[in-house]
Amino acid sequence: MPPQPNDILLAFKHIALSDQLNGAEKQFAAFLVDSYNRRTGRCDPSEETAAHILRKHKRTIIRAGNRLCSLKFFSKRRHGGNNHCNHYQPNWQMFRELERAYKERRSEYARRFERPTLSPSECQLRHSRDDNPVTQTSPINNILLTSPHLPSNQQRGSGDREGLGNESKAGSGSSSSNPGAQGFKPSWSSQKAAGAAALRRWNGDLLDRFRSTPVYAVIVEAVDQELQDAATAAELKRRGAGVDHILRELELRNVLP
């Protein structure tokens, strides 16, 4: 059967990738493919020629040829070539099957990024009695509401009362009771809420854009705390600017392929 346009290239590729062949067998297999005449279909170099070109002993070439035929990489017709040399026929169909299986393995491995790894559908209703607080270590999926740096509810409540003006300061005529005197200043809680929303937005944008690509894992590893803060600040200024800032910075660092 004559080879198809890419068959010779596939033969070289899968001879090199094979884990069944030793060095001498790969060399002789590549020599046979290189000796194949596409126009006439001849492939009958002598064993003496192969031994001389490859700098191997003739017995090594004979053993390599027998091994290649036993693995179905080639078929051999004894004394079927010119000058009573053995005629070898590459198994083009086998090389095509090896290419199909190779592409399937690569595609299957690439699909590991299509769906994030999720916990089981049945969730725990409440924390266990012996559960201890931990610090989240993911560099890109921080949940600010569980951050150990946030103040307690009591502190937030105190800050909110101060931001809105409390009764202890209302009678003193301070600017806190008259926000129009010096312009409105966001309270601590509103600033943090806006920052948390900006962080969630650029996290969601990044996941939507790259979750099904291998690049996503590279980005996750490269984004440090400094870059997170800068992306959140950019997102606060303009919606969608957080992801743009991350990609621009990673390109400058030569992280992205």
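Can you confirm whether residue 25 is over 21 Å from residue 97 (Cβ atoms) and in the same structural domain as residue 100 (by TED's automatic domain parsing)? Working first, answer last.
Details: over 21 Å from residue 97 (Cβ atoms): no; in the same structural domain as residue 100 (by TED's automatic domain parsing): yes.
Against the criterion (over 21 Å from residue 97 (Cβ atoms) and in the same structural domain as residue 100 (by TED's automatic domain parsing)), residue 25 does not qualify.
Residue 42 passes all but one of (1) closer than 22 Å to residue 94 by Cα; (2) free of Cβ contacts under 8 Å to residues at least 40 places away in the same chain; (3) not acidic (Asp, Glu); which number fails?
(2)
Here's the yes/no breakdown for (1) in a helix (DSSP H, G or I); (2) among the charged types (D, E, K, R); (3) not assigned by TED's automatic domain parsing to the domain that holds residue 18:
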{"site": "34", "(1), (2), (3)": "yes, yes, no"}
{"site": "43", "(1), (2), (3)": "no, no, no"}
{"site": "68", "(1), (2), (3)": "yes, no, no"}
{"site": "72", "(1), (2), (3)": "no, yes, no"}
{"site": "76", "(1), (2), (3)": "no, yes, no"}
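Please tell me if residue 28 is part of a helix (DSSP H, G or I), surrounded by 19 or more Cβ atoms within 10 Å (Cβ to Cβ) and touching a residue at least 60 places away in the same chain (Cβ under 8 Å).
For residue 28, the condition - part of a helix (DSSP H, G or I), surrounded by 19 or more Cβ atoms within 10 Å (Cβ to Cβ) and touching a residue at least 60 places away in the same chain (Cβ under 8 Å) - is not met.
Filter the range 221-244 for residues that are surrounded by 15 or more Cβ atoms within 10 Å (Cβ to Cβ) and either in contact with a Ser or Thr (Cβ under 9 Å, 6 or more places away or on another chain) or part of a loop (DSSP other than H, G, I, E, B) (or both) and give the result.
Of everything in the range 221-244, those that are surrounded by 15 or more Cβ atoms within 10 Å (Cβ to Cβ) and either in contact with a Ser or Thr (Cβ under 9 Å, 6 or more places away or on another chain) or part of a loop (DSSP other than H, G, I, E, B) (or both) turn out to be 223, 242.
So is residue 206 of a type outside the set (Gly, Ala, Ser), in contact (Cβ under 8 Å) with a residue 40 or more places away in the chain, under 18 Å from residue 253 (Cβ atoms) and assigned to a helix (DSSP H, G or I) or not?
yes
For the range 193-220, give me the residue count where each residue is surrounded by 16 or more Cβ atoms within 10 Å (Cβ to Cβ) and farther than 17 Å from residue 113 by Cα.
7
Quick check: is even one residue across the range 49-63 closer than 20 Å to residue 93 by Cβ and surrounded by 15 or more Cβ atoms within 10 Å (Cβ to Cβ)?
From the range 49-63, those closer than 20 Å to residue 93 by Cβ are none; that's our starting set.
No, the range 49-63 contains no residue that is closer than 20 Å to residue 93 by Cβ and surrounded by 15 or more Cβ atoms within 10 Å (Cβ to Cβ).
The values are calculated or read from the model by the stated rules, or taken from the named source; none is laboratory data. Because the structure is predicted, anything quoted here is derived from the model rather than measured. A quick note on method: Cβ atoms are made from the backbone with ideal geometry, for glycine too, and the neighbour counts reach across all protein chains shown.
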